[in-house]
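**Q** Please read through the structure below; I'll follow up with questions.
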Amino acid sequence: MNPSITTTTASIAPSQARSLSPSFIGLVRAELYKMWAQWTTRILLGLVFAATFLPYLLLLARSQTKTDFTAQPLYWTYNVAEISLTILRVLGGFALLVIAARAVGLEYQQGTIRVLLSRGVGRVQLLTAKLTSVTLLAIAMVIGSLILNSLLFLLQFGLIYGAGDQFSSAFTSGFWASVWAYFLTVLVSMAASILLAICVAVVGRSLSFGVSAALSWFAADNFAVLVLFFVYRLTQNDFWIKLPAYFLGPILNQLPSAYVPALLVQHTTEFGTTVTAPLGANTVGLTPFVTYDATHAFVVTLIYCVVFAVTAYILTWRRDVLE
Amino acid sequence: MADATMTRPSPQASARREAGAVVLRTHDLTKRYGERLAVNNLNLEVYRGDIFGFLGPNGAGKTTTIRMILGLITPTSGSVEVLGQDVATHRAEVLPRVGALVETPALYLYLSGRDNLRVVGDALGGVSDERIQAVLQMVGLAARQKDRVKTYSLGMKQRLGVAIALLNDPDLLVLDEPANGLDPAGIVEMRDLMRRLSAEGKTIFISSHVLGEVRQICTRVAILNLGKLVTESTVEDLTRGQGEFAVQVERPREALALMQAQPWGKSARIDEANGTLITQAPNGSGRDLNLFLVNLGFAPASLIPQTQDLESIFLTLTNNTAGEVR
């Protein structure tokens with residue numbers, strides 16, 4: 001039931017509203033506020049941060065972790081860093097897919113895009129503000145995750161195990177080079193996820209289409225690798241097995257192993273022998289069945305990102321707003 | 001058909017035209033979707049201080065026109081001028097001075113009423129808390145401002161939509177069915193608000209199906225049918241009728257014969273339903289008609305200028321059915 005109006009004599013107070021004009025900074029602030037006000041965003045970020053604890057809890061539950069770390073600090077530190085970054089890449093990417101698709105899709109689905117555009121906010125300006133705000137959120141998530149990982153590492157290995165004197169052996173220049181390279185692949189993966197989600201949400205102009213298409217994309221092209229492998233086995237035509245080298249999901253899956261320099265570490269095997277072996281980055285998900293170098297992966301990813309961005313901007317700029 | 005109802009503008013409208021205070025103007029505005037013409041060469045002029053009613057049956061092209069005015073849809077041809085500037089080329093300067101409510105109110109359902117105003121205000125460059133409170137007071141939502149919009153009734157959402165439209169203290173308000181979902185008291189308050197805003201010099205462009213509302217608050221109306229402008233006039237001129245009077249006299253048939261003998265009385269007739277004489281008047285004057293009848297010994301029991309109601313005009317002009325208007 002409508003509340004009774006008791007303020008009918010209120011008049012329009014003199015205001016500074018007349019001098020208003022759309023502001024990019026204001027748009028970004030509004031977008032960040034809207035994103036943070038959604039429970040979906042908070043839950044997804046909570047999941048990412050909760051998952052950060054997982055490798056440390058598993059190591060804590062393992063009885064020989066302290067002994068192993070003291071014996072091979074570089075090996076264990078690198079493994080912890082790699083697992084943590086993998087969690088950030090996979091779960092963070094998933095969270096950003098949903099958050100970015102919602103940021104655009106919800107605006108179309110609820111029709112609020114017409115409220116903003118009819119006040120003079122530019123279409124390209126609005127899309128750029130959304131992209132910027134999702135990027136800022138991603139940066140905050142990455143920084144938060146790195147800080148949390150650092151604190152957990154120091155807490156577990158420094159305070160609980162008292163192995164702080166081993167850190168100098170762990171944090172070698174080779175370690176930082178590999179971790180930095182891996183971190184770069186995480187950023188690339190996140191950027192591709194954001195652009196993909198924004199693009200499909202713009203194309204579909206709906207929340208449900210945007211979220212489902214964004215989430216289906218990587219599942220579909222990972223699955224396609226298997227399908228094409230079977231087609232290759234049937235036809236013996238190399239074309240089918242080479243094709244996944246141009247699929248975004250498989251390319252991003254293999255990017256760390258293609259780009260991150262292998263780290264030479266001493267490692268004691270389960271048979272008690274100590275070997276020096278290159279420790280490469282692990283892959284998660286299906287990868288193309290052909291080898292390619294990091295340049296190929298970066299170029300293909302860049303092309304996808306450009307296509308996503310150009311599609312999103314052109315459609316936003318040119319299409320009538322019928323919502 | 002349109003020509004029959006196109007009337008000369010009132011002196012006030014003429015004065016405004018002369019003053020050049022056109023707030024909204026469309027030039028041959030056209031929108032085509034494939035083979036279908038949604039809006040066809042529409043030429044409108046809305047003057048400062050007008051409460052302009054934009055009428056038409058479903059599918060007439062009202063919302064498409066409003067969306068073109070607000071830059072949401074690109075016209076196939078023609079242009080829209082708001083506050084003297086082309087919307088297509090000056091949207092960033094012009095549209096911040098326009099407040100709009102298009103169709104159902106579009107709101108962030110997961111935010112409170114106040115936060116809806118805040119995020120729109122942020123996008124517009126920042127609006128003070130005082131201004132937000134003022135518009136919430138204006139639409140009667142101050143008490144529920146902290147509640148999430150998804151808990152609002154349709155009428156409350158409509159009020160919040162109007163509050164968002166008023167947030168930037170606009171010169172031109174474009175409201176699409178603003179009374180939708182409001183209870184009778186809310187409709188009265190909305191009407192009062194429109195009048196008050198108009199008195200403060202704001203121009204209000206209302207698209208509505210509720211002809212009674214339009215009749216009560218609008219100063220001028222345009223009727224659109226099948227994308228074409230059928231008529232544009234002041235409400236007063238549109239409903240004035242054809243200068244006829246309804247006269248009740250004794251012995252109406254004798255009076256009719258005398259009237260029909262006069263040059264001005266050729267179209268005089270008797271309304272068989274109630275025996276009333278319907279006639280033009282000498283010099284178009286009710287006083288002269290009264291004198292004519294009294295001099296001939298037919299002192300009228302009543303003499304009433306005939307007017308047409310907006311609904312019948314609307315239905316006539318649009319060949320519509322009564323079921324589509326209220």
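The values are calculated or read from the model by the stated rules, or taken from the named source; none is laboratory data. If you're wondering where the values come from, they're calculated on a predicted model, not measured in any experiment. Cβ coordinates were reconstructed from backbone atoms using ideal geometry, including for glycine residues, and neighbour counts include every protein chain displayed. Keep in mind that these areas ignore ligands, DNA and RNA; they rest on the heavy atoms of the full protein, side chains included. Shrake-Rupley method; radii C 1.70, N 1.55, O 1.52, S 1.80 Å.
**Q** Considering segment B:128-144 alone, what residues qualify as being under 21 Å from B:Leu172 (Cα atoms) and open to solvent by less than 30 Å² (accessible area, probe 1.4 Å)?
**A** B:Arg131, B:Ile132, B:Ala134, B:Val135, B:Leu136, B:Met138, B:Val139 - these are the residues of segment B:128-144 that are under 21 Å from B:Leu172 (Cα atoms) and open to solvent by less than 30 Å² (accessible area, probe 1.4 Å).
**Q** Look at segment A:311-323 and say how many of its residues are more than 11 Å from chain B (Cβ to nearest Cβ) and open to solvent by 70 Å² or more (accessible area, probe 1.4 Å).
**A** Taking segment A:311-323 first, the residues more than 11 Å from chain B (Cβ to nearest Cβ) are A:311-316.
Still in the list and also open to solvent by 70 Å² or more (accessible area, probe 1.4 Å): A:314.
Residues meeting the conditions: 1.
**Q** Would you confirm, using the coordinates I've provided, whether B:Gly227 is open to solvent by less than 10 Å² (accessible area, probe 1.4 Å) and on the phi > 0 side of the Ramachandran plot? Spell out how you get there, then give the answer.
**A** On the way: open to solvent by less than 10 Å² (accessible area, probe 1.4 Å): yes; on the phi > 0 side of the Ramachandran plot: yes.
Against the criterion (open to solvent by less than 10 Å² (accessible area, probe 1.4 Å) and on the phi > 0 side of the Ramachandran plot), B:Gly227 qualifies.
**Q** So, one more: Going by the structure shown, is A:Leu226 surrounded by fewer than 16 Cβ atoms within 10 Å (Cβ to Cβ) and at negative phi? Write out each step before concluding.
**A** Working: surrounded by fewer than 16 Cβ atoms within 10 Å (Cβ to Cβ): yes; at negative phi: yes.
When the stated conditions are applied, A:Leu226 passes them.
**Q** So how many residues does segment A:5-57 have that are facing chain B (nearest Cβ under 7 Å) and at pLDDT 90 or above?
**A** Summing the residues that are facing chain B (nearest Cβ under 7 Å) and at pLDDT 90 or above in segment A:5-57 gives 8.
**Q** I'd like to check something: does segment A:171-193 contain any residue that is more than 14 Å from chain B (Cβ to nearest Cβ), out of contact with any strand residue (DSSP E or B) (no Cβ under 8 Å at 6 or more places or on another chain) and under 23 Å from B:Gly125 (Cβ atoms)?
**A** no
**Q** Further, regarding this structure: Can you tell me which residue among A:Leu131, A:Leu146, A:Leu136 is away from chain B (no Cβ under 14 Å), out of contact with any helix residue (DSSP H, G or I) (no Cβ under 7 Å at 6 or more places or on another chain) and more than 13 Å from A:Leu44 (Cβ to Cβ)?
**A** A:Leu146
**Q** Okay, next question. Is there any pair linking a residue in segment B:134-163 that is free of Cβ contacts under 8 Å to residues at least 12 places away in the same chain and within 22 Å of B:Leu197 (Cα to Cα) to one that is in a helix (DSSP H, G or I) and hydrophobic (A, V, I, L, M, F, W, C), with Cβ under 7 Å and at least six apart or on different chains, and which?
**A** Taking only residues 6 or more apart or on different chains, the pairs are B:Ala142/B:Leu136.
Per-residue answers, yes or no, for (1) closer than 30 Å to B:Ile73 by Cβ; (2) of a type in the set (Gly, Ala, Ser):
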{"position": "A:Ala262", "(1), (2)": "no, yes"}
{"position": "A:Gln266", "(1), (2)": "no, no"}
{"position": "A:Leu279", "(1), (2)": "no, no"}
{"position": "A:Gly285", "(1), (2)": "no, yes"}
{"position": "A:Tyr292", "(1), (2)": "no, no"}
{"position": "A:Glu323", "(1), (2)": "yes, no"}
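**Q** Got a number for residues in segment A:268-289 being farther than 21 Å from A:Met190 by Cβ and open to solvent by 50 Å² or more (accessible area, probe 1.4 Å)?
**A** Result for segment A:268-289: 10.
**Q** Would you call B:Lys228 in contact with a strand residue (DSSP E or B) (Cβ under 6 Å, 6 or more places away or on another chain) and more than 23 Å from B:Leu83 (Cα to Cα)? Walk me through how you get there before you give the answer.
**A** Details: in contact with a strand residue (DSSP E or B) (Cβ under 6 Å, 6 or more places away or on another chain): yes; more than 23 Å from B:Leu83 (Cα to Cα): yes.
Against the criterion (in contact with a strand residue (DSSP E or B) (Cβ under 6 Å, 6 or more places away or on another chain) and more than 23 Å from B:Leu83 (Cα to Cα)), B:Lys228 qualifies.
**Q** Pick out the one residue from A:Ile241, A:Ile198 that is among the β-branched types (Val, Ile, Thr) and modelled with pLDDT under 90. Before you say what the answer is, go through the steps one by one.
**A** Values: A:Ile198 fails: modelled with pLDDT under 90.
Answer to the check: A:Ile241.
**Q** Only one of A:Phe209, A:Phe239 is farther than 24 Å from A:His296 by Cβ, aromatic (Phe, Trp, Tyr) and open to solvent by 60 Å² or more (accessible area, probe 1.4 Å); which? Before you say what the answer is, go through the steps one by one.
**A** Values: A:Phe239 fails: farther than 24 Å from A:His296 by Cβ.
When all the criteria are applied, what remains is A:Phe209.
**Q** Which residue is farthest from B:Arg118 (Cα to Cα), if the candidates are limited to segment A:103-113 and must be buried (at least 24 other Cβ atoms within 10 Å of the Cβ) and small (Gly, Ala, Ser)?
**A** My answer is A:Gly105.
Matching residues to (1) over 30 Å from B:Ala106 (Cβ atoms); (2) within 14 Å of another protein chain (Cβ to nearest Cβ); (3) part of a helix (DSSP H, G or I); (4) open to solvent by less than 40 Å² (accessible area, probe 1.4 Å):
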site	(1), (2), (3), (4)
A:Leu59	yes, no, yes, yes
A:Phe69	yes, no, yes, yes
A:Gly93	yes, no, yes, yes
A:Ala101	no, no, yes, yes
A:Val115	no, yes, yes, yes
A:Leu126	no, yes, yes, yes
A:Met141	no, no, yes, yes
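**Q** What are the residues in segment A:244-267 that are under 17 Å from A:Val188 (Cα atoms), hydrophobic (A, V, I, L, M, F, W, C) and open to solvent by 20 Å² or more (accessible area, probe 1.4 Å), if any?
**A** Listed by number, the residues that qualify are A:Phe247, A:Ala258.
For (1) outside the structural domain of B:Ser207 (by TED's automatic domain parsing); (2) closer than 24 Å to B:Ile164 by Cα; (3) of a type in the set (Ser, Thr, Tyr), each residue gets a yes or a no:
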position: B:Phe52; (1), (2), (3): no, yes, no
position: B:Leu55; (1), (2), (3): no, yes, no
position: B:Arg67; (1), (2), (3): no, yes, no
position: B:Thr74; (1), (2), (3): no, yes, yes
position: B:Ser79; (1), (2), (3): no, no, yes
position: B:Arg91; (1), (2), (3): no, yes, no
position: B:Ala123; (1), (2), (3): no, yes, no
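**Q** Suppose we filter B:Asp122, B:Asp147, B:Asp192 for residues that are of a type outside the set (Lys, Arg), surrounded by fewer than 21 Cβ atoms within 10 Å (Cβ to Cβ) and at the interface with chain A (Cβ under 9 Å from one of its Cβ atoms); which single one remains?
**A** On the way: B:Asp122 fails: surrounded by fewer than 21 Cβ atoms within 10 Å (Cβ to Cβ); B:Asp147 fails: at the interface with chain A (Cβ under 9 Å from one of its Cβ atoms).
Criteria check complete, one pass: B:Asp192.
**Q** While we're here: Quick one: is B:Gly53 touching a residue at least 40 places away in the same chain (Cβ under 8 Å), surrounded by fewer than 21 Cβ atoms within 10 Å (Cβ to Cβ) and more than 9 Å from chain A (Cβ to nearest Cβ)?
**A** Numbers: touching a residue at least 40 places away in the same chain (Cβ under 8 Å): yes; surrounded by fewer than 21 Cβ atoms within 10 Å (Cβ to Cβ): no; more than 9 Å from chain A (Cβ to nearest Cβ): yes.
The answer is no for B:Gly53.
**Q** If you go through segment A:102-116, how many residues are out of contact with any Leu (no Cβ under 7 Å at 6 or more places or on another chain) and in contact (Cβ under 8 Å) with a residue 60 or more places away in the chain?
**A** Summing the residues that are out of contact with any Leu (no Cβ under 7 Å at 6 or more places or on another chain) and in contact (Cβ under 8 Å) with a residue 60 or more places away in the chain in segment A:102-116 gives 5.
**Q** So which residues in segment B:170-189 are touching a residue at least 40 places away in the same chain (Cβ under 8 Å), of a type in the set (D, E, K, R) and at the interface with chain A (Cβ under 9 Å from one of its Cβ atoms)?
**A** Across segment B:170-189, the qualifying residues are B:Asp171, B:Glu189.
**Q** Taking B:Gly201 as the residue in question, decide whether it is within 11 Å of chain A (Cβ to nearest Cβ) and on the phi > 0 side of the Ramachandran plot.
**A** Working: within 11 Å of chain A (Cβ to nearest Cβ): yes; on the phi > 0 side of the Ramachandran plot: yes.
Criteria met by B:Gly201.
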